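These notes concern the structure reproduced below.
The values are calculated or read from the model by the stated rules, or taken from the named source; none is laboratory data. Keep in mind it's a predicted model, so treat the numbers as computed, not measured. Positions of Cβ are backbone-derived with ideal geometry, glycine not excepted, and every protein chain shown enters the neighbour counts. Side chains are part of the model used for accessible areas, which takes the heavy atoms of the whole protein and leaves out ligands, DNA and RNA. Shrake-Rupley method; radii C 1.70, N 1.55, O 1.52, S 1.80 Å.
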Amino acid sequence: MSDLVGDARAWSPDAQEAVRLLAVSALVEGRDRVEVATLFKVSVKAVDNWWAKWRAGGRDALLSRPRGRRVGEHQVLSEAEQAAVRQAVLDHIPSDLGLSGQLWTRGLIGELIFKLYRVRFTEPGVGKYLKRWGLTFQRPDKRAVEQDPEAVRVWCEETWPAIRARAKAEGAEVLFGDQVGIRSPQVTGRTWGEQGQTPVVRRTGNRFSVNAMSAISTKGRMHFMVFTDTFDAQVMCRFLARLVGHFDRKVHLIVDRHSAHRSKAVRAWLAGHKDQVELHFLPSYSPELNPDELVNADLKRSLPHTHRARNQAELAAETRRFFHRRQRQPHIIRGYFGGPHVRYTLDENPMSF
């Protein structure tokens, strides 16, 4: 916490942690980094460090570290045994190792430890080891069994670097694009309520939806179009026409292999605009490689907290407000590219993962 000014370094760990969390929350809401530094009486460097930690590790990266006994003192398992169990959990699912199921629980990890070292642990005991190893209980990413790992490797190590190099040589812009649908009944997340009494969220019983197409760049630019008709080749051509209208240079747009993107109508439109835009396709069944997927997830998390749309027009308006808000927050748009599966877009020497 040496970046804090004045007497802030003498604050308690809890106070320092609170400042870090509040400062990052202000950045997420769109406040300027200099303004945040002034507000919390810290240096701009401190604000930048906290933002980088939050992007890399989320809220946990901003929490104060507990003090006390050194890690590894008076533990039943040796450091080598702990490392072996940790790696087994990361590299395998339980059924690979003769246990039941596909997802690790504290109980199953306890069974693995007993199977390997004949030592019994309670679930809280296993939990202490997991925390020490830096493992958290998470919802796993899903991968299509049809995904070709070699195609993913080629994209990350060869195709993407070639696209980036071409764009740089041409002075062109590179964007990642995707489409998303929002439905009226969608309510996600949790809220507070009295114990034993399930809270009620009132929403319209009518069913309606809107769609959106967006494109983002590592420079923090965002372009979008909200529409109510079905996403098809005509809509894609309309989006492309609007997109190139914002640039005085060529655009390289990276999208998935949706049938509309590869349709005859879109190919014909692109043939007539070769100097303005070029389309590139991600590997099949690989949405995690597209940073714009994180925009879609952000949109779906944000809307239920901010809207009570009663009809399609109101839902479309709320969706546009979200995109307009994000356009004014380029630091958040750049943050989408820091996700673990899309960080390859920022690496000058990308590696497969």
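The table for this structure:
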{"quantity": "Of residues in the range 65-86 being part of a loop (DSSP other than H, G, I, E, B) and modelled with pLDDT of 55 or more, the one most open to solvent (accessible area, probe 1.4 Å)", "calculated": "Arg67"}
{"quantity": "Lone qualifier among Phe323, Phe281 - being of a type in the set (Phe, Trp, Tyr) and either more than 19 Å from Ala172 (Cα to Cα) or open to solvent by less than 50 Å² (accessible area, probe 1.4 Å) (or both)", "calculated": "Phe323"}
{"quantity": "Per-region count, the range 102-123, residues part of a helix (DSSP H, G or I), open to solvent by less than 80 Å² (accessible area, probe 1.4 Å) and free of Cβ contacts under 8 Å to residues at least 24 places away in the same chain", "calculated": "4"}
{"quantity": "Residue, nearest to the chain's Cα centre (by Cα), within the range 209-223, restricted to residues that are open to solvent by 30 Å² or more (accessible area, probe 1.4 Å) and touching a residue at least 60 places away in the same chain (Cβ under 8 Å)", "calculated": "Thr218"}
{"quantity": "Meets criteria (touching a residue at least 12 places away in the same chain (Cβ under 8 Å) and either open to solvent by 60 Å² or more (accessible area, probe 1.4 Å) or among the small types (Gly, Ala, Ser) (or both)) for Ala233", "calculated": "yes"}
{"quantity": "Test: residue in the range 266-274 that is open to solvent by less than 50 Å² (accessible area, probe 1.4 Å), in a helix (DSSP H, G or I), farther than 19 Å from Thr230 by Cα and modelled with pLDDT under 95", "calculated": "no"}
{"quantity": "Residue match in the range 87-97 (condition: modelled with pLDDT of 85 or more and closer than 30 Å to Val28 by Cβ)", "calculated": "yes"}
{"quantity": "Some residue of the range 177-188 being open to solvent by 40 Å² or more (accessible area, probe 1.4 Å), within 30 Å of Trp104 (Cα to Cα) and modelled with pLDDT under 95", "calculated": "yes"}
{"quantity": "Among residues of the range 284-320, those that are open to solvent by 20 Å² or more (accessible area, probe 1.4 Å) and hydrophobic (A, V, I, L, M, F, W, C), counted", "calculated": "4"}
{"quantity": "Cβ pairs under 9 Å, 6+ apart, first in the range 265-290 and without any contact (Cβ under 8 Å) to a residue 40 or more places away in the chain, second open to solvent by 40 Å² or more (accessible area, probe 1.4 Å) and among the hydroxyl-bearing types (Ser, Thr, Tyr)", "calculated": "none"}
